[in-house]
1. Which number in (1) under 22 Å from the mean Cα position of the chain (by Cα); (2) buried (at least 18 other Cβ atoms within 10 Å of the Cβ); (3) assigned to a loop (DSSP other than H, G, I, E, B) marks the one condition that residue 410 misses?
2. Would you confirm, using the coordinates I've provided, whether residue 1104 is over 30 Å from residue 178 (Cβ atoms), modelled with pLDDT under 60 and more than 46 Å from the chain's Cα centre (by Cα)?
3. Would you mind finding the one in 131, 145 that is over 20 Å from residue 54 (Cα atoms) and either surrounded by fewer than 20 Cβ atoms within 10 Å (Cβ to Cβ) or in contact (Cβ under 8 Å) with a residue 40 or more places away in the chain (or both)?
4. For residue 981, which of the numbered conditions (1) under 16 Å from the mean Cα position of the chain (by Cα); (2) assigned by TED's automatic domain parsing to the domain that holds residue 880; (3) at pLDDT 85 or above fails to hold?
5. Confirm whether residue 192 is at pLDDT below 95 and in contact with a helix residue (DSSP H, G or I) (Cβ under 9 Å, 6 or more places away or on another chain).
6. What number of residues in segment 206-217 are crowded, with 22+ Cβ neighbours inside 10 Å and at pLDDT 95 or above?
7. In segment 1002-1041, which residues are at pLDDT 75 or above and either crowded, with 17+ Cβ neighbours inside 10 Å or under 30 Å from residue 32 (Cα atoms) (or both)?
8. Please find, within segment 476-490, the residue that is farthest from residue 590 (Cα to Cα) out of those that are in contact (Cβ under 8 Å) with a residue 40 or more places away in the chain and not in a strand (DSSP E or B).
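The values are calculated or read from the model by the stated rules, or taken from the named source; none is laboratory data. From a predicted model like this one, the values you see are computed outputs, not experimental measurements. Ideal geometry is used to build each Cβ from the backbone, glycine not excepted, and the neighbour counts take in all protein chains shown.
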């Protein structure tokens, strides 16, 4: 007798659910292997979220922006940018190109370029200094210095100096060698900087700078208002400038004789740097003061000030803030004072930092002549032109207006038609007025040497109803076209609509790029279809009223609650109200581009809007559009502009409903109600109405089959329980819609048009669509809609449905090419039935494979036999689930790409669903800015149904902005103002080095300003300073425990590069010496030959003279 063991039971169970045998499996050769998959982040676009710091290199013409999350964005000319990030774990940083990284690190406090040296210094909130090497395409940290006892508040690196001054919260100033990142023994303590009679601490150091004409003089500004001029040689304070108000900023004049300080009361103090140990201010001004009741100015703090010299003699005083406290409207501003002219530039957002741009990096130049101001705002980057009257702004060429209105959903299309981008650009290019005519001043770096051969487009929907089209080919991003859907509707004064325009928010986007059809679904339950036209036309918009409110709540006593069609009957019993949105009526002019062709409006019930649209699809080959919400499905004929189907998800099942749906009312309906329901659901198919018809209905056949694997026992969407009852989930939402030419029925021998409907309960229903026969006019022939009789079941909510051929190729959605409808009717043949939906040759075996993907599971089913060939669970971790998934082409074959709630990206081969890649990408919790609640519940720890439902809703919002597309590309919204592209293709990842641009380009250093004769004669001009003698080894070593040196990831590479550079330099010197020696030898040989020739000529001349004079007498000479 065979012994009973648990191992044997498990083995038998595995065999019962194992993969099919080799004889049953299709003989497909899969070309994708593990080495073909590699995760790499390719580019980040948009405005850096929550900026904190700004730096500028005047020679390289580069800008660096630091953020609160520890990221640094370096910008050159449009199309040249790179993102680096500080690592919070190790204190180092890296370029986020491969693998995963945390999106939150230590905040960036300050940035400063090593001008024209290809390096950048950053200070972070964890009291660390970092040296970045930006000479390479992927910048990385060379050295880091972690302060152990003091907090860093500011730092300053003089031009062409290797010694960095670091100010701390305790009021001390430390000096760091920039080459070795080691501390010097030279320290300026706060108690030596203040007067002996002062008994209070001056506060943190908030400003450090050296004198433009005397590097031995160091200026230190303390928060309390004390400014100290320190002599580095004598180690004493030369002058102490004491103000009555706390300090915010200090700036030198280029001659080094005067300085200006900005304070919290909106005042500017001007000081003479050579007026003695404790000078009084030369002047105290309140640029924007109006005076209070007692004459005391009431102004806001001036956060930063810069003092620049000019050729005209009148210096520029540029500062931020300082406006009166009672000033209405915006309080953020930049003020430019030049001579007697004062210009106030009001900003739309708070000013974070600004930098005045000068052509020379030398601070001692007598003529600095600032030509522009870079202003970093909380939500924008602005550059003001100082050379054009009126100080206009430059037109920003960077894609930094993604967050102009909050992004609600995205589409990502790679390998789209080549003529689509030029067409969008031709209608979207508009000349903007009011901007400066001069060239954008940030033009450093160089573009990459390689560009992909296919076009990519990203479409973003926004909360104000705007749709933007972006060209994202290569690693750049450029806006092509803007569509404002608000122009389709009249301005409503209804109190039910929000005045901020959120009722027009785009919730779903669907596009047919071949035919240039665009469908949008809004927050008010409205759906609009747009067609692309090159010329402006004057048309009237067609409006369809579509019932979309499928109620499932408790009804009053006596209401019908059971049986098919109950939801539709309940809908009729409720109070119907017209949609507050009103479509713009009549014939009106529409500009070129996407023009509205059809609008579907749904009625409201009892003042409540219909459920949000959860799925949307449009197909140009069929001329159909389908969309669904949390309760039902709608099918629209966009050619005949009529409603083909509008019914609840419950009624799509009919008698084949696999669920035990609990009654919504304890009292059964009356017999008359049941008879009315039976009478309404009499037919089992329906056709679309012709031009003279208005209404239609549909009935799903009661003979529907139900396909379910025996191993599946749970039908619920809930991720924490496995009950087949729908008590907690009464509604079944439509989550995915796919039009395709498929073998919908088991006995089909030819493909036919069909609509595959996936629901939140894991059901996939197939609706067969009978179109007009090829050659017949599509506009007048009816469209027949009928069920296929099959229902597929998958665990979890459905995410996508795709189809592949036996050869392994991905079957694309049927489509028609775009035609210009504005041409004359004689040039355009009448549209006929689609020929791709009917096949003439009978199929002898399974000819298609459908891939059904839910949040829990993926299955491959053969058609038409409807046999489940492969199955895999997508979320092996407890409580995890797939947020989004898509079947995309990668290299020469299709694959399934999924993003899980635990932050992983999984890739499976098709059709065998063999794992190819499973890597950590980014945690789902770090994308919670897209949700209504900022503290997103962790699904790994969640067990309550109510919390689980909210997590599901949040994951749906995140899935709208997380997309996979062809060629293994993907994108997601990584912050409210940024989107990031990535790839799972190792072939594309290997080309990133050629696609990325060069940040650092060799440039000649400008010559220092020339000193006048009298300055040199009387001891003026710049005085040299040997900092190595002051701060070097002679000063001793720094105290132990003050700071800890951390070698960066690029330290070894930097050392090898330095050594290699040294050897190369020596070889170059030797080669140059040999060349010089050869040149000298050649010159010597030429001289020798020339002397020999001259000697020979002299000998010939002497011989001729001798012959001529030989026969002459002495008196004849």
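1. Here residue 410 meets the rest and fails (3).
2. The answer is no for residue 1104.
3. 145
4. Just one mismatch for residue 981, condition (2).
5. Against the criterion (at pLDDT below 95 and in contact with a helix residue (DSSP H, G or I) (Cβ under 9 Å, 6 or more places away or on another chain)), residue 192 does not qualify.
6. Of the residues in that region, 2 qualify.
7. Residues satisfying the conditions are 1009, 1025, 1027, 1030, 1031, 1038.
8. 476
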